[in-house]
Structures are given as structure tokens and as C-alpha cells.
């Protein structure tokens, strides 16, 4: 089993695959991010589906992405020479396709390939046959994969294998195409032309990034990753392309992240707009509005990639789990939880969209007012909180802070953009919530805000109190909270979300360092004037990226390994925003709390109305 950091991502902006350093594609869901997998070795074994291409002799491997693209190039070296494997998924036109090109660079290299197709999360063996043109098809129910290659292949439904050799100047192509089994077989594509078009697509997109400075490479790679995690037809951004990669090796905190979280809304918008991607920001904003539209009492914390609401959670008994980490879960029961912070995130995102110059969506304000009317009656209730605990509802301090944010941003939208609403009532509620948090969420003995009203445990989300504008960075309660979190939640210099051994979250204790929280600490350092500490922590976090610049959700400090779903959008969003906080004149945390207001030109507004897909 490969380590999580040994994987790289390829994708077509509708689904994605994980490619190991060993040349094996071990995870792929088709036709969407949240569809059933056809390769699930990542969560089981070879027999659950994978596709291997590598030298059939002792070798070493190194790899990189072509600059600004999602085209992966792996170079294998042996005693007899070296060969390059190029992996990519062309931007989707009909069905998704994986193209793999083997090119001899030096010497004569013996190669091997093994293709194991298992539909339905690694359990369904397809019927394999030859088509009239010599291609291989694998069919099960509504699904069909077609493999076209010049390599000689043998085998059948259980496994397709082949051996071949390449010399300098020789290349062999493999194209694996997905389509519904009930449609006529699609015509073959030209792999070389597909490579040129894919290269052009990604370079044109990444070339629009306005990032400069010492962290530009990491920022561009993170933005390309976010683009790859975007479901292009809808604009929704999945939290990760994987499910059930564990937060602790061998543990049970294994969740399905192939959905879109409202919680990510504001930071996603700020990251995209800060890098100049206003079209993508607009499409994300519009996805949010479509997803949350409806009865305000039915607001969810997450939705499917096109806004689906039913994300029923179930366990897959036939998959052994990554390195034995069980259960493997499909769907996410947290979608039905009450999490008050999402109201603030949504209101903040829509306010930042206005500040950023995005064209107004005609439904946005009516939806906001309806949600605020509902929030007025529920903000005093306990909820499951930002970390989606399964130990019962509590009065989480950060949830109340974000309820304050919801009314604060509504007031600012009324003041700055002339939006009509019961502003006096909102001001009274804002003041009431602020007083409630400061009175019940701050522990004078600990000199810190706490995770839950009346309790003493800390929570990394409290680092966002100055970033959202609840209190100014220079407030002594802010600086003392930062100090308390440094004392209680740091391990090897990185930040835990909270103490899972002491908190009653309904789950066994144990998880890694949550990477987004560590970026938040760097932001907090920057806000309170500890610039050197901010830079030092940020650069340590950059050092956790794998060899192709990708981050997972968490970091296992004792094992020095990435853990959690991979690659994780929230980690890369945090990376981009922290880089901007350290290097940009217009800093995301200043924009968010309202100490600066971005006003964009009419020319920019005109540009936002177009598309740059």
C-alpha cells in the first residue's frame, strides 16, 4: 500500500484519479467525483481495482507536473536506462478518459501493465470482450470502460495484463474511456492531440493567476488543485476526491469528503478573487445560492456537486480500509446536522462577493433575509459545531461567533450596498450575540475563549475570532487565546483542532494535526504583528507538501506522514489565503473583517460576466 503522500492527482474537472509513485492508479470514481469507484485499491487491495504501468525490472521513480498543468510526468530509471510515463485526463467532452503515454528516453526498458476493473466500489467484476477494432471493453450494468492501446494484452474479466519494451524515441499510448454501456461505443481520440489540448487548457487557466513573489509556485499548484476539484457543470468544489482516508492510521475517523461544504464558502471566494479568478468565484457563489435555496429551516452544511441534499451514509463491508482503517464510509451523515456557523459563512461569502465586485445575483438578498429571519430564532440553540461532532449538541463558542458574523455582514451589506432590511433589529441581535459570546464563551481563569460555553477545553477555530472581525487583533482576549492555543493544541509546532482525548465528540480519540488550523495560526500571528513567527510556520507547512505540491487534510506528526482525505481543498484554500496574507497589500483577513473594502473597476465587472472555462 502506498503512503498517501505517494499519490498525485489527475482529473478532468468532473472526476479525478490518484496515481501512485509506483505507476498504479489506485482510485477513480466514474462518471463524477461522488460516483461509485472503478479503482478502489486505495481502500482495499489489487482485487478492488487498479491500473498499473511500470518497468518490469528494478527501478527508481521521480515525477513532476508540467508547470501550471495537471499533466503528471513520472520518470522511471533502471540499470538499463529510463522511461517516462505521462498521465492526464483531457477536459471532458463526452465521457471521462485517462490517457497514459509511455516514452523511451534511454536504453531498452521492459515494461508491464495490469488492469483490474471493479465497478461498484471494488466488488463487481465486469464482462470483458474484444470490440471489432481490437479495443477491449469491460461492461457491468450501465457502465462501460474501453481500453485502446498498441500493446499486446491478455487475460479477461479478472485481470488484463501485458508486457512490452520501449527504446529511445519509441512511445506507446493507452487510452481508457468511460461511457454508459447502452450507448454506441465512442470513436477513439488522438492521444497526442489530447495531450496538446490538455496542456493548453491548463496553461491558459493557470496563466491567469496574478500571484507573484516567493510562494507563487505553491499558490499556483494549490489553485490548479482547486480547479481540478471543481465540478465544472455546476461550479461546486468538492472537499476532496476521496472517501475514508483516515485521520489516524488504523482509526475510525474516516469520512466521505466528495461533497461541497458551505463552510468553505468565504475562504474559497477570497482565495479565488485574491488570485484573479473572478469567473470561478462567481460560479462558486451561484452554486451556493442554488444549493441553499428553499425553506430556510432546511439549510444543510453540505450538498452534492450539483446541490443534492440526500447524502445517506453507509459502510462498505468488503473494503478493508486504508492500511486497515475501518470502516469505509460512503455518504456523510453530518449533512443532517445543525451547525450554526454555516449561516455566518454563507452571509460572509455573499457579502465578500459584493465587496469583490461580483455581479449581484437577483435571488441572493431574498435568500439571505429569509435565512436571517430563521437564524434569529435558533442562534441560542446548541448545535454540532464546525467539527461535526457526533457526541450531541453543545453551545459551541465558534458557532455563536459566526451567528454574529451573519447579522454583521447583513448590516454591512445594507450600509455599503443599499440592501433593504430590518437593520435596527439586526443591530440589536448582533449586540446581543456579541455580549453572549464574551460573557459565556470566554474563561477569565484560562484567559482564553473556550470551545464550549462553561467548559475549559480549547478549539483551534477560535483563532478565527479576529479574522472574522468579532474582536480586533490587538484585543488582549485575542492575544491571550492565541497563547493558550499555543500551549494546549500544538504538537511539533502544528495545531490540533481540539483535544480528542478529552472532548466528548462521540468518537474514539486520536487524529493528526489539522493543516488548515495550522495555517490559521500563521494568519493569527500575522494579524497580531508576529510576522517572523507567521513566516516560519507557513514555510514549515509548505514543507509538508508532497513532491508534487499536494496536501491532505491532516499531518501525523509522530509518523511524519500525511493523513486524511487527499488532496484536501480546505488545506489548499488555507495555503493560498495565508500566502496572500503574508505577501498581498490587500490581505484576505483584512478584507474579511472589513478593515479594507475592495472596489473593482467597471472593466473587471464586465470581465466577470464572461466565462473562462
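Just so it is clear, none of the values below were taken in a lab; they were calculated from the coordinates. Predicted model, so just to flag it, every value in this text is computed and none were measured. Cβ atoms come from the backbone with ideal geometry, glycine included; neighbour counts cover every protein chain shown.
Before moving on, here are some points about what is shown:
- Counting every other Cβ atom within 10 Å of each residue's Cβ, 360, 554, 103, 5 order from fewest to most as 360, 103, 5, 554.
- Among 144, 302, 419, 402, a tally of other beta-carbon atoms within 10 Å of each Cβ gives an order, fewest to most, of 419, 144, 302, 402.
- When the P(r) is computed for the chain, the part past 41 Å accounts for 25% of the Cα-Cα pairs.
- Relative contact order for the chain: 13 percent, from Cα pairs under 8 Å spaced at least 6 residues apart, divided by residue count.
- Sequence ranges 129-141, 83-95, ranked by mean other-Cβ count within 10 angstrom, highest first: 83-95, 129-141
- For the stretch 453-554, the average shadow cast by the Cα convex hull is 7.3 nm², which is a quarter of the hull's surface.
- Orientation-averaged projection of the stretch 140-205 equals 6.7 nm² [convex hull of Cα atoms, one quarter of hull surface area].
- Solvent-free Debye scattering, log10 I(q)/I(0), computed from the Cα coordinates of the stretch 4-182 at q = 0.08, 0.10, 0.18 Å⁻¹: -0.22, -0.35, -1.20
- Per principal axis, descending, Cα span of the stretch 237-594 in whole Å: 55, 43, 41
- Nearest-ten-degree value, helix 397-417 long axis tilted from longest Cα axis of the chain: 80
- Each semi-axis of the equivalent ellipsoid for the stretch 374-438 is √(5λ) with λ an eigenvalue of the Cα gyration tensor; in descending order they amount to 25, 11, 10 Å.
- Three semi-axes of the equivalent ellipsoid, the stretch 232-332, Cα gyration tensor, whole Å, largest first: 29, 17, 10
- Rounded tilt (10° steps) of 191-206 against the dominant C-alpha axis of the chain: 20
- Order of 345, 539 - criterion: other Cβ atoms within 10 Å of each residue's Cβ, fewest first: 539, 345
- Computed FRET value (nearest 0.05) for residue 80 with residue 455, which takes r as the C-beta separation and R₀ as 60 Å: 0.40
- Using alpha-carbon coordinates, inclination of helix 341-355 to the longest axis of the chain, degrees: 90
- Taken as Cα centroids, the stretch 181-237 and the stretch 121-147 sit 27 Å apart, rounded to the nearest whole angstrom.
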